[in-house]
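The values are calculated or read from the model by the stated rules, or taken from the named source; none is laboratory data. Because the structure is predicted, anything quoted here is derived from the model rather than measured. So basically every Cβ, Gly included, is an ideal-geometry build from the backbone, and we count neighbours across all protein chains shown. Remember, those area values only see protein heavy atoms, side chains included, never the ligands or the DNA or RNA. Shrake-Rupley method; radii C 1.70, N 1.55, O 1.52, S 1.80 Å.
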Amino acid sequence: MTEARNPMAGLTTAAVQAQDSAHYLHPFTDTKALAETGSRIIVRGEGIYIEDSEGHRIIDGMSGLWNVNLGHGRRELADAAFKQTMQLSFYNSFFQTSNVPAAQLASEIAGVAPSHMSRVFYTNSGSEGNDTVVRMVRRYWDLMGQPQRKILISRHNAYHGSTMAGASLSGMSSMHEQGGLPIPDITHIQQPYFYELGQDMTPEAFGLKAAGWLEEKILELGADRVAAFIGEPVQGAGGVIIPPSTYWPEIQRICRKYGVLLVSDEVICGFGRLGTWFGCQHFGVQPDLITFAKAVTSGYFPLGGVIVGDKVGDVLVEKGGDFNHGFTNAGHPVGCAVALETIRLLKEEHVIEYVHDTLALHLASRFNALADHPLVGVTETLGMVAGLVLVKDKATRKHFDESLSVGMICRKHCFASGVVMRAVGDRMIIAPPLVMSLAQVDEMVALIRKSLDLTYAELQAGGHV
Ligand code: PXG
């Protein structure tokens, strides 16, 4: 039997679950609670589907974790990794050495990034990318003779990673409570969440108002102390919060007015998710720095980094001397080879054009039709991200009692019905692969509707609706 046909290594599901709960401390997980239910063991992926150890085939509605944009099991990506491993499995970039894929990839990324951005700093993850951002913007302002510009402004309910700086930039109190965060000189403003905060405003007016919170914060702190503003074009882990179209251009105007650097965290939006190479291009803004990770390799190899705009890059290079920051695996040749192949496939198969011109429109029409469901307060989509809010009462937008964990009930029914959806409180979200067929979108949305029906039935049985 080949290994592919024996993905359980001869073990039963229960045996793997026992190893898992005894030894594997999962990220963002209550280990004790998980041990009681046991993990779902995923053993295979093909295209838009994953399969668990009990043989259930499930649509991967989250593209792994917002990263497997080209779908599972692409031979071209495996071959690229294999070939590069045999050619040169690793060499570092620290001591005046480089490798072919790392140099080529930096050039390719500069080619697809906005035209004023020509340099790349590599990391292994989005979190390390954002740690790099913090160090890089502070270094920039030191070199500019303004060392007092140290503060980074982020937003509540943002997600920028789990390292000390990443978690500090993240606007999640549950993270800040653990570990004495945020670190100094990181502060937050309110998020541009129209459905919750827009009240009777138009989306456009609300977008301007929400951007205005940045100006208020800059003035409160003193502009000469503010180094940068960071935001995700669309907040992902926060529940697919899509800002009104007026928001980002106004944020950019404010940053420029006060000389504050603009950082676009594109760990989720980068490499095609919104139907453009980067989310900032959809919203029409030119950031000074872009954080990327995840889909740069379609999730086949851990790789991330920062794309550096020339305003910052020229200063770092011309005046900077050593930048005393970097990771062993920076520019890992195998990861860079996989990323090069990912970009080649995105281009050759016109994936981003397909998302922009066809797939996202189809997803929007099908997903937005769910708004007629009695549980759904609102639906929102942009590119290949979509979210809906589960409400007790559509007219008054009344939420369910938090203790019900209605999102987790819905998520359970999604899994059982054959589609992965992520629950963020009572927001249900998807970010499916960019290579779906239109028929697969229909199949996925039908399964979501079925799961909503099952959730409704369960809530009704419990007397909650
Ligand atoms: N920035 C953004 C915008 C992200 O979404 C990171 C940084 C950190 O990247 P790394 O590679 O260090 O994880 C992310 C990661 C979720 C979820 O529950 C989202 C992420 C990670 C884990 C869970 O939706 N995004």
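Key figures for this structure:
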read-out	value
Residue pairs meeting the criteria (Cβ under 8 Å; at least 6 apart or on separate chains; first farther than 15 Å from D372 by Cβ, in segment 438-451; second open to solvent by 40 Å² or more (accessible area, probe 1.4 Å) and among the hydroxyl-bearing types (S, T, Y))	L438/T358
Number of the exception - G321 against (1) in the same structural domain as R427 (by TED's automatic domain parsing); (2) at pLDDT below 95	(1)
Total residues in segment 302-326, condition outside any strand (DSSP E or B) and more than 12 Å from the ligand (Cβ to nearest atom)	17
Residue list for segment 124-160, filter: open to solvent by 30 Å² or more (accessible area, probe 1.4 Å), hydroxyl-bearing (S, T, Y) and either farther than 15 Å from G171 by Cα or away from the ligand (no atom under 15 Å from the Cβ) (or both)	S125
The listed residue being buried (at least 19 other Cβ atoms within 10 Å of the Cβ) and assigned by TED's automatic domain parsing to the domain that holds A337, out of F82, F90, F95, F121	F121
Any pair with Cβ under 6 angstrom, 6 or more apart, that starts in segment 92-111 at a residue that is over 19 Å from F271 (Cα atoms) and ends at one that is of a type in the set (G, A, S) and surrounded by 15 or more Cβ atoms within 10 Å (Cβ to Cβ)	S93/A330; S93/G331
Residue in segment 341-358 that is in contact with a Lys or Arg (Cβ under 9 Å, 6 or more places away or on another chain) and surrounded by fewer than 23 Cβ atoms within 10 Å (Cβ to Cβ) present	yes
Pairs where the first residue, in segment 197-215, is farther than 14 Å from R155 by Cβ and in the same structural domain as C255 (by TED's automatic domain parsing) and the second is modelled with pLDDT of 95 or more and open to solvent by 40 Å² or more (accessible area, probe 1.4 Å), C-beta under 6 Å, 6+ apart	P203/F194; F206/F194
Boolean, P333 is assigned by TED's automatic domain parsing to the domain that holds D131, touching a residue at least 60 places away in the same chain (Cβ under 8 Å) and farther than 14 Å from V445 by Cα	yes
Which listed residue is within 17 Å of L454 (Cα to Cα), outside the structural domain of P244 (by TED's automatic domain parsing), within 19 Å of the chain's Cα centre (by Cα) and surrounded by fewer than 21 Cβ atoms within 10 Å (Cβ to Cβ), from A423, A416, A371	A423
Residue check for R75: surrounded by fewer than 16 Cβ atoms within 10 Å (Cβ to Cβ), away from the ligand (no atom under 16 Å from the Cβ) and within 24 Å of I352 (Cα to Cα)	yes
Counted residues, segment 4-49 - those being touching a residue at least 40 places away in the same chain (Cβ under 8 Å), open to solvent by less than 50 Å² (accessible area, probe 1.4 Å) and not small (G, A, S)	3
Residue match in segment 168-178 (condition: within 21 Å of L382 (Cα to Cα), open to solvent by less than 10 Å² (accessible area, probe 1.4 Å), in a loop (DSSP other than H, G, I, E, B) and in the same structural domain as V137 (by TED's automatic domain parsing))	no
Residue count, segment 362-380 (criterion: touching a residue at least 40 places away in the same chain (Cβ under 8 Å) and closer than 20 Å to T276 by Cα)	3
Within segment 405-426, considering residues that are touching a Gly at 6+ places or on another chain (Cβ under 7 Å) and not in a strand (DSSP E or B), the one farthest from the ligand (Cβ to nearest atom)	D426
Only one of I251, I268, I242 that is of a type in the set (V, I, T), free of Cβ contacts under 8 Å to residues at least 60 places away in the same chain and crowded, with 21+ Cβ neighbours inside 10 Å	I251
Helices (runs of 4 or more DSSP H) contained entirely in segment 1-97, each with at least 3 residues that are of a type outside the set (F, W, Y) and under 27 Å from I448 (Cα atoms)	31-37, 63-66
Meets criteria (crowded, with 24+ Cβ neighbours inside 10 Å and of a type in the set (K, R)) for K294	yes
Residue match in segment 105-112 (condition: charged (D, E, K, R), closer than 19 Å to N324 by Cβ and assigned to a helix (DSSP H, G or I))	no
Any hit, segment 45-56, residues being in the same structural domain as Q440 (by TED's automatic domain parsing) and over 28 Å from the mean Cα position of the chain (by Cα)	yes
Index of the failed condition, A211 passing every other in (1) open to solvent by less than 60 Å² (accessible area, probe 1.4 Å); (2) assigned to a loop (DSSP other than H, G, I, E, B); (3) not basic (K, R)	(2)
Condition broken by N99, with the remaining ones in (1) more than 24 Å from F278 (Cα to Cα); (2) at pLDDT 95 or above; (3) within 16 Å of the ligand (Cβ to nearest atom) satisfied	(3)
